[in-house]
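Here the structure comes first, spelled out in structure tokens, and everything after it is commentary.
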Amino acid sequence: MRKVLGALFCLAVGTWTNAQTLNATSVIFADPSLGVNSDNTVLYRSDITNDFTRLRLQLGDEESALFEVGYPYYSNGQWTNLFTLDGSGNGFFKGNVGLGAPASIWFGGSTRVFEIAYNRPVFKLNSTASNDLSTIVFTNVAISSTTRHGEFHINHQYDAANAANSALRFGTYPAGEVFTVLSNGNIGMGLVAPLHKLDVGGTLRTSDYILGNQYISVTKGGSYRVSMNGQAHGYITGRNDSNQEKFLINTNGNSFFNGGSVGIGTMSPDQALTVKGKVHAEEVIIDLSVPAPDYVFEGNYSLTPLDTVQAYIAQHKHLPELPSAKEMEKDGVKVGEMEMILLKKIEELTLYIIESNKQIKALQDENAAQKSDIKKMSARIESLK
């Protein structure tokens, strides 16, 4: 029995029987006035001869107080501590710490809602039923308990009915889930059920390029709308809502646009191809929308008299059938149609020239005949002198 500050201190050490009674095998009575260890400890040895398991309790203030449990040996006057807790609240375990058997640390009873497993380095948050969420919340004391703006959540959801739908979900408040990883490896950004390895429910922006080993496609209604092939021969193709290919740019074959007007240098094309600027080409082939004017050379073609043409030009200041300068400035020139009109005028001009040539030839013949007659008459006059 030890008297401490006017009180008696008694320490009993023994074993518990099945009846939960204490059978004391050793009892130590210590009193500082009777002489204790020089380091103010109470020391118990279950086997003093062999220096087995020892317990030391050092009395003192916050810094000097000490509680130690040593290894089952004592060598060269030194403790080999198994467990220490000092007066400042610091402590350590030299070996493994186990709560339960086999050794693990967990909370939540048999369901082990929180667990650090014994058999491998595992930190577990276990949900208790299908579709329950195991959640880690990152928050701050400054965050309002009503709005919770600024919280970040990591949730694990297990789906017992369909394990492929089990997911690890990252969310913020109040946006909700912003990043999802399914157990099948699909990753969703802005989607809770991604269908592809990376599925984005919103706008995707990159400051670099997107690399696709096979192809990249944009789909709508289960079918692609724009597809870019990245294989040996690349192409870009696009479809409309009826799945009709409307354009194709091919590196090893034909390319086409079949979706309306195409503008180059303009955002408002008014024809199938509208070019705001110059076009440089080796050759241009134009399909005719009007018949070629070979009919001018038919025998029944009625050639407009030149005096009629002359009167028209005097009145309108341009050839018949041709647009005026103001009309061409306003509406442009239809090259195919203009080429045929000009060809017609050339052919008509040819007919005028042929007709004029006939008239000139007739005048020349008449003039030659007249010259011949004059020569004959001159010869007779000379003979009459």
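Using the Stokes-Einstein relation with a Kirkwood hydrodynamic radius computed over Cα pairs, the translational diffusion coefficient of segment 246-385 at 37 °C and a viscosity of 0.692 mPa s comes to 155 µm²/s. For chymotrypsin sites (Phe, Trp or Tyr not before Pro), the sites in segment 257-360 that DSSP calls loop and that have at most 15 other Cβ atoms within 10 Å are 301. The stretch between residue 362 and residue 345 holds 3.6 nm of extra length on full extension. This uses 0.36 nm per residue minus the Cα-Cα distance. From the largest down, segment 312-385 spans 78, 24, 12 angstrom on the principal axes of its Cα atoms.
When the solvent-accessible area of segment 205-353 is split by element, carbon and sulfur atoms take up 54 percent of it, the probe being 1.4 Å. Partner lysines whose Cα lies under 24 Å from the Cα of residue 334, excluding those fewer than 8 positions away in the same chain, are identified as 276, 278, 317, 326, 344, 345. Let's test the formula: R0 of 56 Å, r as the Cβ-Cβ distance of residue 228 and residue 319. What FRET efficiency results, to the nearest 0.05? According to the calculation, E is roughly 0.60. What the pair-distance distribution of segment 268-335 shows, using all Cα-Cα distances binned every 10 Å from zero, is 13, 30, 35, 19, 4 percent. Label sites at residue 200 and residue 331, each approximated as a point 7 angstrom past Cα along Cα to Cβ, lie 4.9 nm apart. Compactness of segment 173-328 is given as radius of gyration and Dmax, 28.8, 93 Å, from Cα positions.
Over segment 266-385, accessible surface divided per residue gives 86 Å², non-protein components excluded, 1.4 Å probe.
Quick one: Debye curve from the C-alpha atoms of segment 171-244, no solvent, what's log10 I(q)/I(0) at q = 0.11, 0.23 Å⁻¹? The computed values of log10 I(q)/I(0) come out as -0.38, -1.15.
The values are calculated or read from the model by the stated rules, or taken from the named source; none is laboratory data. Just so we're clear, the structure is a prediction, and the values are computed from it rather than from any experiment. Here Cβ is always computed from backbone atoms with ideal geometry, including for glycine, and neighbour counts include all displayed protein chains. Just so you know, the surface numbers come from the protein's heavy atoms only, side chains and all, with ligands and any DNA or RNA stripped out. Shrake-Rupley method; radii C 1.70, N 1.55, O 1.52, S 1.80 Å.
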